[in-house]
1. Have a look at 27, 4 and point out the one that is among the β-branched types (Val, Ile, Thr), out of contact with any His (no Cβ under 6 Å at 6 or more places or on another chain) and at pLDDT 85 or above.
2. Working only within segment 1-21, note down all residues that are assigned to a loop (DSSP other than H, G, I, E, B) and loosely packed, with under 11 Cβ neighbours inside 10 Å.
3. Would you tally the residues in segment 37-48 being among the basic types (Lys, Arg) and either surrounded by 11 or more Cβ atoms within 10 Å (Cβ to Cβ) or at pLDDT 85 or above (or both)?
4. Taking the condition at pLDDT 85 or above, surrounded by 11 or more Cβ atoms within 10 Å (Cβ to Cβ) and not in a strand (DSSP E or B), does residue 51 pass?
5. Determine, yes or no, whether residue 32 is surrounded by 11 or more Cβ atoms within 10 Å (Cβ to Cβ) and free of Cβ contacts under 8 Å to residues at least 24 places away in the same chain.
Amino acid sequence: MTGVLHTHARNLDFHPHIHFIIPGGAVDKKNKLWIKKRCKYLFPWKKLSVLYQGKLLAALKEAGIEFNNSVIDIWTE
């Protein structure tokens, strides 16, 4: 896995974000072979995005920060 932290956008505005490249497979330790993932993605991205959104909103609520439904609806479109 390789990650890169970007702190600015192309127009040099401050925009911190991270890019990751994660291999789509795993090592079979017993046979010492690389097993390639059959699907295009390692995880179902739609389900992962819903899970991430729920965890993020729960953490914000726990910190005392809440959003109205119109903000949440934008994330789920």
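1. Every option except 27 fails the conditions.
2. Once the filter is applied, which keeps residues that are assigned to a loop (DSSP other than H, G, I, E, B) and loosely packed, with under 11 Cβ neighbours inside 10 Å, segment 1-21 yields 1, 10, 11, 12, 13.
3. 2
4. For residue 51, the condition - at pLDDT 85 or above, surrounded by 11 or more Cβ atoms within 10 Å (Cβ to Cβ) and not in a strand (DSSP E or B) - is met.
5. When the stated conditions are applied, residue 32 does not pass them.
The values are calculated or read from the model by the stated rules, or taken from the named source; none is laboratory data. As the structure is a prediction and not an experimental result, all values here were calculated from the model. Backbone-built Cβ (ideal geometry, glycine too); neighbour counts: all protein chains shown.
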